[in-house]
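Working notes for the structure below.
The values are calculated or read from the model by the stated rules, or taken from the named source; none is laboratory data. All of these numbers come straight from a predicted model, not from anything done at the bench. Virtual Cβ from ideal backbone geometry, glycine too; neighbours counted across all protein chains shown. In case anyone asks, the SASA skips ligands and DNA or RNA and just uses the protein heavy atoms, side chains included. Shrake-Rupley method; radii C 1.70, N 1.55, O 1.52, S 1.80 Å.
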Amino acid sequence: MTTDTLKIADKTFKSRLFTGTGKFSSANKMREAIIASESELVTVALKRVDLENESDDMLVHLNGNQINLLPNTSGVRTAKEAVFAAELAREALQTNWIKLEIHPDPKYLLPDPIETLKAAETLVKLGFVVMPYIHADPVLCKRLEDVGVQCVMPLGAPIGSNKGIKTLEFLEIIIEQSNVPVIVDAGIGAPSHAAFAMELGADAVLVNTAIAVSQNPVDMGIAFKMAVEAGRIAYNAKLAPIKNQAEASSPLTSFLNDLN
Amino acid sequence: MSFKNTFEKYDWDTLEKEIYEVTSQDVEKVFLKEKIDLEDFKKLISPAATPFIEQMAQRSNTITKKRFGNTIQMYIPMYLSNECQNICTYCGFSMDNGIRRKTLSDTEILKEVEHIKKLGYNHILLVTGEANKTVGVSYLKHAIDLIRSQFSNISIEVQPLDQEEYETLISAGLYAVLVYQETYHKATYKTHHPKGRKSNFDYRLDTPDRLGKAGIHKIGLGALFGLEDWRVDSFYTALHLKYLQKTYWKTKYSISFPRLRPHQGGLDPKVEMTDTDLVQLICAYRLLDEDVELSLSTRESETFRNHGIHLGITSISAESKTNPGGYSVEPESLEQFEISDNRTTKQIKQMIQSQGYEVVWKDWFSI
């Protein structure tokens, strides 16, 4: 197998599993699970970080582990707020990477496509590496690509739902058309879902709830790591085609052989 | 259009009858459903559902963990004033109670804040009575301006205000407003609020609408249990919640479960709500709505709160003082009500962590 890395902007990732920091029962558990998953990019909600506190529990537990922090703008409702939050994150966490999440709907946390596009355009101009969380909308993905985002992050199902890849038809179109990496974000509830997304040709997946809320986050982190690897290898090896029909035992056209 | 239009389509006595006529077969059918609606909620809060409480609790626990993870949000109330021009039969700050009145000055507010910050809090709830001349919008705005730099999340529980007034406070950095209807029974409401602006049932009922229109981030709802039958009041609260979620879809919601607590000149509850009832209600809300925040204050006992965090509760307070200046300025002054769980913040933090939950101090930043 040749080296199969993922490049986004200036960074190269060996692991195609991105993770999050929310919902863990303790900062320690979070650190252990992330290390076990071998994830190299971990998203952290800016609103959860106490920027004035140098001993902020979450940051202290992530530092020094070869983990790249990906601040996200969770909680903002407009493009304007998102830009403000991104600038705050850049200054506080010393990274120009931003996971752009604009969900004015606090119930299902569904992303606002209009505000996201607006914010993405501004943030790219301000020098950010923009990773937008969006609906599995192929046109929106192309529009975001046009304004210069470095990847797209369409959802597989509503965030935190653990329902798996419900947006399959649209993800397939996005993967087919995209010129930037496609990272399936949200909805992945089981390693099998992650493997499936990778088999489809997703470049990476982002998983948080399914690991954090598991009875054993460390083992679940390992399971996701293996699933993502398996899915990727299978994608590269090309899956055998699925046969929609069984081959008929009494073919309708075999008489042609007799005629010839 | 406001919630009043929806509210008027329902009749208290009919609802009460429906809730009490629910059978265990009706309840069993609810458990077969994936999506729980208001009709199902009615069944889950019925006496017929009480024997199913363990099943409800298990499901509530699973749903809550999925949505909120293994975390509990911490907040603390800070009483700014006990001045009040309302008569509320159940409240220690009622105008007709002969207590010494007190409104915190700037220096006193900052002294209280210093104490609260040392305990670790980042989310604060400011509380006052209703005295528009002393603690009106300008006082509240001033208080928010004064403390904004020290808290990432500021909420208030004060008198209902007009939409423009809320807009002023929101631009000053206000995140959430808690406004409880107390009871949705109009006649009973009138009995318990005979004097003052609070006696206007309709104005209070439409307060969340004004908040939604003003663009607030979060609205807290609730009924004061003890004034009326908690089951019917809770149905109306849930109805209110569902109406608001549809109408003001950018706003987040929370539910609180205040049960009448003893205070000076206190009132005995008309309808008692037992611990079992409260567990049933908490779980019913979670089954109705996966995303609503459910909050449990220090009104509840140690044991109840220790277990409550597994039942669907997502935020709790600790070490609360219900008198203005109670933390450091005037610790001995008269409280609005006696709290039940007297443990320190540190003890509550340890309790939460020992049960496998992370304590969340900060989950917001103000732009």
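Among the GluC sites (Glu not before Pro) in the range B:31-133, those located in a DSSP loop and surrounded by at most 16 other Cβ atoms within 10 Å of their own Cβ are B:Glu34. Modelled this way, with points 7 Å down the Cα-to-C-beta line, the labels at A:Thr3 and B:Ser138 are 6.9 nm from one another. Charge tally around A:Ala120: other residues with Cβ under 11 Å, Lys/Arg +1 each, Asp/Glu -1 each, net -1. Listed by chain and number, the lysines placed with their C-alpha closer than 17 angstrom to that of B:Lys346 are B:Lys117, B:Lys118, B:Lys321, B:Lys362; residues fewer than eight positions away on the same chain are left out. Please give me the summed charge of the neighbours of B:Asp291: other residues whose Cβ is under 11 Å from its Cβ, Lys and Arg +1, Asp and Glu -1. Local net charge: +1.
Excluding ligands, DNA and RNA and using a 1.4 Å probe, chains A and B jointly bury around 2500 Å² of accessible surface, summed across both partners.
Label-to-label distance for B:Gln350 and B:Lys17 is 5.5 nm, based on points extended 7 Å past Cα in the beta-carbon direction. Here's the picture: charge each Lys and Arg Cβ at +1 and each Asp and Glu Cβ at -1 in the range B:231-350, and of B:Pro331, B:Gln350, B:Ser315 the one pushed furthest to the positive end of that dipole is B:Ser315.
Angle check, please: helix B:230-247 long axis (alpha carbons) against the longest principal axis of chain B (alpha carbons), in degrees 0 to 90, nearest 10. Helix B:230-247 sits roughly 80 degrees off the main axis of chain B. Straight-distance candidates among the lysines for linking to A:Lys142, with alpha-carbon spacing under 28 Å and chain neighbours fewer than 8 residues away dropped: A:Lys7, A:Lys11, A:Lys14, A:Lys80, A:Lys99, A:Lys107, A:Lys118, A:Lys125, A:Lys163, A:Lys166, A:Lys238, B:Lys250.
Is the protein assembly as shown rounded, prolate or oblate when judged by the Cα gyration tensor, a ≥ b ≥ c being the square roots of its eigenvalues, rounded requiring a/c under 1.5 and prolate requiring a/b larger than b/c? Write down the numbers at each step before the final one.
Values: a/c = 2.13, a/b = 1.59, b/c = 1.35.
Prolate.
When the charge dipole of chain A is built from unit charges on Cβ atoms (+1 for Lys and Arg, -1 for Asp and Glu) and taken about the Cα centre, the candidate among A:Phe170, A:Pro251, A:Ser25 whose Cα reaches farthest toward its positive end is A:Ser25. Only protein heavy atoms count here; on that basis, with a 1.4 Å probe, A:Arg143 has an accessible area of about 130 Å².
Sites count as exposed loop sites when they are GluC sites (Glu not before Pro), lie in a DSSP loop, and have at most 12 other Cβ atoms within 10 angstrom; the longest stretch of chain A without one is A:55-246.
Given +1 at the Cβ of Lys and Arg, -1 at the Cβ of Asp and Glu and no other charges, the dipole of the range B:1-141 around its Cα centre is 720 debye to the nearest 20. Here the 3J(HN,Hα) profile of the range B:267-279, calculated from phi with Karplus coefficients 6.51, -1.76 and 1.60 at θ = phi - 60°, is 10, 7, x, 6, 10, 7, 10, 7, 4, 4, 4, 5, 4 Hz, Gly and Pro shown as x.
For B:Leu119, neighbours were defined as the other residues whose beta-carbon sits under 13 Å from its Cβ, and their charges (Lys and Arg +1, Asp and Glu -1) total +3.
Charged side chains reduced to their Cβ positions (Lys and Arg at +1, Asp and Glu at -1) give chain B a dipole of some 740 debye around its Cα centre.
Please pull out the direction-averaged projected area of the range A:153-260, using the convex hull of its alpha-carbon atoms, in nm² to one decimal place. Could you put the intermediate results ahead of the total?
Working: hull surface 40.7 nm².
Spelled out: convex hull of the Cα atoms, projected over all directions, averaged, 10.2 nm².
Annotation: cysteines of chain B without a disulfide-compatible partner (Cβ-Cβ under 4.7 angstrom) are B:Cys84, B:Cys283. Our summary gives chain A a relative contact order of 18 percent, counting only alpha carbon pairs under 8 angstrom and 6 or more residues apart. Since only B:Ile147, B:Cys283, B:Thr298 are under comparison, the one whose Cα sits farthest along the positive direction of the charge dipole of chain B, derived from C-beta charges on Lys, Arg, Asp and Glu, is B:Ile147. Each Lys and Arg adds +1 at its Cβ and each Asp and Glu adds -1 at its Cβ; summed about the Cα centre, the range B:64-162 shows a dipole of about 480 debye. Label sites at A:Ala92 and B:Leu32, each approximated as a point 7 angstrom past Cα along Cα to Cβ, lie 5.0 nm apart. Placing a label point 7 Å from the Cα of B:Glu114 along the Cα-to-Cβ direction, the residues of the range B:138-171 whose backbone N falls under 16 Å from that point are B:147, B:150.
Accessible surface for A:His135 stands near 60 Å², nearest 10, in the context of the full protein assembly shown (1.4 Å probe). On full extension, the segment bounded by A:Lys166 and A:Phe84 gains 26.3 nm, given 0.36 nm per residue less the C-alpha separation. Near the amide H of B:His123, within less than 5 Å, lie the amide hydrogens of B:Ile76, all on another chain or at least 5 residues away, with H placed in the peptide plane.
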